[in-house]
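J.: Here it is: the structure, laid out below.
The values are calculated or read from the model by the stated rules, or taken from the named source; none is laboratory data. On a predicted model such as this, the values are computed, not experimentally measured, just so you know. All Cβ positions, glycine included, derive from the backbone under ideal geometry; neighbour counts span all protein chains shown. Just the protein is used for accessible areas: all its heavy atoms, side chains included, with ligands, DNA and RNA removed. Shrake-Rupley method; radii C 1.70, N 1.55, O 1.52, S 1.80 Å.
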Amino acid sequence: MSKAFRWLILSLFGLYFLVPLAASVEFSLRDVNDTHSFNTWGKLLDEPGLFETLGTSLWVAFGTVALTLILMVPTVSWVHLKHPKLRRLVEGVSLLPLVIPPIVLVNGVLVVFRDAPEVISGTPVILVFEYVVLALPFTYRTLDAGLQAIALPTLVEAARSLGASWTTVLLRVIIPNIRSAVFGAAFLNLALVLGEYTLASILLMNTFPVWTVSTGQSEAGVSVAVSLLALFVAFLLLFVLSVVTGRRKATLGATQGKS
């Protein structure tokens, strides 16, 4: 493949992502009489329901991240350590949420929690359990890649031979060595929850994406501006993740070079 062809493909992919963003920015800046201004962006803070729904989505997102990591990090580590032949089977099971229709997923979780207290089934808490299932494919693949990159059996055996408990092994050996994968899974879950609309709408929960769509029916410019703001925040979080990961790799490389 020639260098010019690679640049052509890269340019086409860049345009595919940048043109819609540029059009959205231009639309959010439109004002009366074919002029442009920041009036729409200036009205964001005055929109009713913005901070309430954003707060709801944020605590649902952090609850989803916490519950997903608590369930998945020990599970994926156990599969790698004790039953590596089951990796493909577990991976296949983790992909099921991608092919199950949202309405089936919603009904399945509601059936499981039908006898649960109303503080779970009648509040956005139920969304945490829905999103944990929805995040399984991304979380499993991210953690699986992180665990494949380390010598897990050797590390665990060394820690156990020194008298470390399984909890200590998990918290002080495994997680620090797959920190980048854990951060990656956390930010993928965060981005998923902040942009998920279908499940929240079916369950009649007023989250940030639902509020954005509802506001867009009456004020399209404000809706686009809020969506862009959420997108920029997600980009910023991913940038911070890449910087933190890059510094850690540089530190490890310098340490190994000295030794």
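J.: State all residues of the stretch 1-56 that are in contact with a helix residue (DSSP H, G or I) (Cβ under 9 Å, 6 or more places away or on another chain) and basic (Lys, Arg); if no residue qualifies, say none.
T.: Once the filter is applied, which keeps residues that are in contact with a helix residue (DSSP H, G or I) (Cβ under 9 Å, 6 or more places away or on another chain) and basic (Lys, Arg), the stretch 1-56 yields 30, 43.
J.: Got a number for residues in the stretch 89-131 being at pLDDT below 85, in a helix (DSSP H, G or I) and among the small types (Gly, Ala, Ser)?
T.: 2
J.: For the stretch 210-221, check the following and say yes or no: at least one residue is outside any helix (DSSP H, G or I), open to solvent by less than 50 Å² (accessible area, probe 1.4 Å) and within 15 Å of residue 106 (Cβ to Cβ). Quick ask: steps written out before the conclusion?
T.: Of the residues in the stretch 210-221, the ones outside any helix (DSSP H, G or I) are 217-219.
In the following step, the residues that additionally are open to solvent by less than 50 Å² (accessible area, probe 1.4 Å) were identified as none.
The answer is no, given that none of the residues of the stretch 210-221 is outside any helix (DSSP H, G or I), open to solvent by less than 50 Å² (accessible area, probe 1.4 Å) and within 15 Å of residue 106 (Cβ to Cβ).
J.: Is there a residue being among the aliphatic types (A, V, I, L, M), open to solvent by less than 50 Å² (accessible area, probe 1.4 Å) and either without any contact (Cβ under 8 Å) to a residue 24 or more places away in the chain or at negative phi (or both) anywhere in the stretch 92-103?
T.: Within the stretch 92-103, the first condition is being among the aliphatic types (A, V, I, L, M), and the residues that meet it are 93, 95-96, 98-100, 103.
Now narrow it down to the ones that are open to solvent by less than 50 Å² (accessible area, probe 1.4 Å): none.
No, the stretch 92-103 contains no residue that is among the aliphatic types (A, V, I, L, M), open to solvent by less than 50 Å² (accessible area, probe 1.4 Å) and either without any contact (Cβ under 8 Å) to a residue 24 or more places away in the chain or at negative phi (or both).
J.: Could you count how many residues in the stretch 157-207 are assigned to a loop (DSSP other than H, G, I, E, B) and either within 23 Å of residue 143 (Cβ to Cβ) or open to solvent by 60 Å² or more (accessible area, probe 1.4 Å) (or both)?
T.: Here the count works out to 9.
J.: A follow-up question, please. Of the residues 4, 22, 66, 61, which single one is part of a helix (DSSP H, G or I) and in contact (Cβ under 8 Å) with a residue 24 or more places away in the chain?
T.: Result of the check over 4, 22, 66, 61: 61.
J.: Just wondering, is there one or more residues in the stretch 8-17 that are loosely packed, with under 11 Cβ neighbours inside 10 Å and under 18 Å from residue 216 (Cα atoms)?
T.: No - not one qualifying residue is present in the stretch 8-17.
J.: Do you know which residues across the stretch 41-70 are open to solvent by 90 Å² or more (accessible area, probe 1.4 Å) and among the aliphatic types (A, V, I, L, M)?
T.: 45, 70
J.: Could you grab me the full set of residues in the stretch 135-168 that are among the polar types (S, T, N, Q) and either in contact with a Cys (Cβ under 9 Å, 6 or more places away or on another chain) or farther than 21 Å from residue 183 by Cα (or both)?
T.: Selection gives 154, 161, 165.
J.: Within the stretch 222-239, is there a residue that is part of a helix (DSSP H, G or I), over 30 Å from residue 32 (Cα atoms), open to solvent by less than 70 Å² (accessible area, probe 1.4 Å) and among the hydrophobic types (A, V, I, L, M, F, W, C)?
T.: The answer is yes; a qualifying residue exists.
J.: So which residues in the stretch 138-156 are touching a residue at least 60 places away in the same chain (Cβ under 8 Å) and surrounded by 15 or more Cβ atoms within 10 Å (Cβ to Cβ), if there are any at all?
T.: Once the filter is applied, which keeps residues that are touching a residue at least 60 places away in the same chain (Cβ under 8 Å) and surrounded by 15 or more Cβ atoms within 10 Å (Cβ to Cβ), the stretch 138-156 yields 139, 140, 143, 144, 147, 152, 156.
J.: While we're looking at this one, here's another question. Give the residues of the stretch 25-40 that are open to solvent by 70 Å² or more (accessible area, probe 1.4 Å) and not in a strand (DSSP E or B), sorted by residue number.
T.: Correct list: 27, 32, 33, 34, 38, 39.
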